[in-house]
Structures are given as C-alpha cells and as structure tokens.
Amino acid sequence: MDRRPFIGVSTYLVDASWSDWRDRPVALVPDRYTAYVRNSGGIAVLLPPDAPERAPEVLARLDALVIAGGPDLDPAYYGQPRHPRTEVDSPERDVWEAALIRAALAAGIPLLGICRGMQVLNVVCGGTLLQHLPDVVSPDVHGGSPGKYGEHAVRPVPGTLLGGLLPESELTVPTFHHQAVDRLGDGLRVSAHAPDGTIEAVEGPGFTLGVQWHPEQGEDLRVMQALVRAATAARTMPLEAVEAMGAVVLG
C-alpha cells in the first residue's frame with residue numbers, strides 16, 4: 001500500500017508559556033492546520049525556519065508544501081515603505097518561506113499558500129501587496145475581529161484549477177486578513193475574487209495555489225484533498241536531483 005504523502009507546513013516563531021516556562025521562543029502552528037492535513041489524507045510535517053540554502057534539501061524529503069498564515073511580510077521585499085498598520089516581526093520566517101516557495105516552484109512540488117502564504121507566493125513571483133485593505137475597500141469584511149475569524153463570499157473563476165475544485169459560482173469562507181494581492185506576480189493568474197473585487201486566490205504552473213482565506217478553519221476539505229492527491233501522484237524528486245539545482249535564497 002502506498003504511504004500517505006508527507007505535507008510540510010511552515011510554522012510561526014513566537015514567545016509562548018506553558019507549565020513552569022514563561023515567554024520561551026517556540027516554533028508552532030495552530031492545530032487546525034495539522035488537522036486539515038491529517039483529515040485530508042496526508043501527514044503533516046512542521047517546518048521551523050532554517051537556513052534558506054537548505055530549502056531544496058528539505059523539500060526533497062517531502063511530497064507537498066503548505067505555507068501557513070501569520071504576520072505580515074516585510075514590504076521591503078516588494079519595494080515599499082512600511083504602512084503604519086503593517087506588522088512585521090518574523091524576518092527569519094520571511095526569508096525561510098520565500099526560499100521554500102522558490103525551491104517548490106523550481107522542483108514542481110505541489111504548493112498551497114494560505115493567507116500570508118498566498119501573499120508570500122505572489123511577492124516571490126515579483127508581485128506586490130496592498131498593505132492595508134480597509135484603505136481601499138469599504139466596508140471591510142475581510143478582517144474578522146480580534147481572536148475571531150470572519151466570513152465573506154468568494155467567487156472562483158471558471159476554467160481555473162480552483163474553479164475545478166470549487167465549482168460553485170459563490171461560496172462562503174472563513175477569513176482574517178488586512179492585506180491582499182495588488183500587482184499580480186509573474187506566471188500567476190487570478191482564480192477567485194471577493195464580491196468587492198479583492199483577489200482571493202492565485203495559481204501557477206502544476207499544482208501551485210494560493211488562497212487568501214483560511215480553509216483550515218472550516219469543514220470544507222476539497223482544497224487540501226486536492227493537494228494530497230497531487231502530492232501522491234507527483235511524489236518528491238530524488239534528493240540528488242534537487243541538490244543539483246543549487247541553493248535557493250530570497251533575492
């Protein structure tokens with residue numbers, strides 16, 4: 001019997017407290033991500049930030065990659081000054097996730113970016129971000145409330161990868177974001193919008209997909225199940241082939 005595919009999931013770097021320990025640095029990700037992978041037929045493998053040149057070697061041992069949500073990407077990576085509402089506090093994660101995405105794109109490894117993950121994908125491909133969506137969209141329905149996800153409609157684009165996975169003309173999704181894609185990255189196309197015009201999904205060659213919402217917070221497994229199927233079909237490249245591509249770093 002074929003093994004279940006290993007799905008790498010990027011992690012947060014935060015200070016956390018537990019038992020007798022207080023404010024210790026940890027690498028973690030909300031359990032909804034790992035449950036999302038597990039309930040869709042995959043095995044979640046957590047990926048704490050590492051040296052970016054090791055990204056190809058890491059991906060050689062995985063079957064697919066998920067870039068999780070989290071804090072804002074440093075706008076210096078797409079050539080903009082920081083907006084007063086942009087929260088940048090994870091430089092190691094910025095570099096590491098960009099390296100993972102570059103390595104996944106180079107190797108053709110199935111890739112899913114969720115919320116921040118979609119934004120990093122767009123920037124790695126040369127795109128830019130709207131740093132504070134409420135400045136341009138009113139009323140803002142994307143941000144939820146402190147500690148609570150919101151909901152809004154998205155409209156998949158027919159004829160796209162996402163449109164095939166989610167064939168409804170409109171569906172309601174869990175959401176929590178204040179940034180969004182502005183200029184689309186090279187090689188990507190839009191595969192869903194919100195009713196207010198905000199780009200809600202992008203996709204690229206093979207199984208390269210980014211969604212702006214948080215599917216792991218809902219009950220709909222179709223996007224992750226599709227990633228697991230793609231990972232099962234593709235598997236990983238041999239380690240020697242990936243290492244031959246050389247180090248992949250954030251430019």
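Within segment 158-181, can you find the residues that are buried (at least 17 other Cβ atoms within 10 Å of the Cβ) and part of a loop (DSSP other than H, G, I, E, B)?
The answer is Thr160, Leu166, Phe176, His177, His178, Gln179.
Scan segment 202-233 for residues that are assigned to a strand (DSSP E or B) and either under 24 Å from Arg3 (Cβ atoms) or of a type in the set (Ser, Thr, Tyr) (or both) and report the count.
Of the residues in segment 202-233, 2 are assigned to a strand (DSSP E or B) and either under 24 Å from Arg3 (Cβ atoms) or of a type in the set (Ser, Thr, Tyr) (or both).
So if I check each of Ser138, Ser145, Ser191, which one is buried (at least 21 other Cβ atoms within 10 Å of the Cβ) and either of a type in the set (Phe, Trp, Tyr) or over 30 Å from Arg54 (Cβ atoms) (or both)? Spell out how you get there, then give the answer.
Values: Ser138 fails: buried (at least 21 other Cβ atoms within 10 Å of the Cβ); Ser145 fails: buried (at least 21 other Cβ atoms within 10 Å of the Cβ).
Selected residue: Ser191, the only one of Ser138, Ser145, Ser191 that is buried (at least 21 other Cβ atoms within 10 Å of the Cβ) and either of a type in the set (Phe, Trp, Tyr) or over 30 Å from Arg54 (Cβ atoms) (or both).
So that you can scan it fast, the table gives a plain yes or no per residue for (1) at pLDDT 95 or above; (2) touching a strand residue (DSSP E or B) at 6+ places or on another chain (Cβ under 9 Å); (3) over 25 Å from Gly185 (Cα atoms):
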position: Val26; (1), (2), (3): no, yes, yes
position: Val37; (1), (2), (3): yes, yes, yes
position: Ile43; (1), (2), (3): yes, yes, yes
position: Glu53; (1), (2), (3): yes, no, no
position: Pro56; (1), (2), (3): yes, no, no
position: Gly70; (1), (2), (3): no, yes, no
position: Pro81; (1), (2), (3): yes, no, no
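Given the structure, is Val95 surrounded by fewer than 20 Cβ atoms within 10 Å (Cβ to Cβ), of a type in the set (Val, Ile, Thr), touching a residue at least 40 places away in the same chain (Cβ under 8 Å) and outside any helix (DSSP H, G or I)?
Details: surrounded by fewer than 20 Cβ atoms within 10 Å (Cβ to Cβ): yes; of a type in the set (Val, Ile, Thr): yes; touching a residue at least 40 places away in the same chain (Cβ under 8 Å): yes; outside any helix (DSSP H, G or I): no.
So Val95 does not fit the description; no.
(1) under 18 Å from Ala103 (Cβ atoms); (2) surrounded by fewer than 23 Cβ atoms within 10 Å (Cβ to Cβ): which one isn't true of Leu47, the others all being true?
(2)
The values are calculated or read from the model by the stated rules, or taken from the named source; none is laboratory data. The structure displayed is predicted, hence computed values, not measured ones. Positions of Cβ are backbone-derived with ideal geometry, glycine not excepted, and every protein chain shown enters the neighbour counts.
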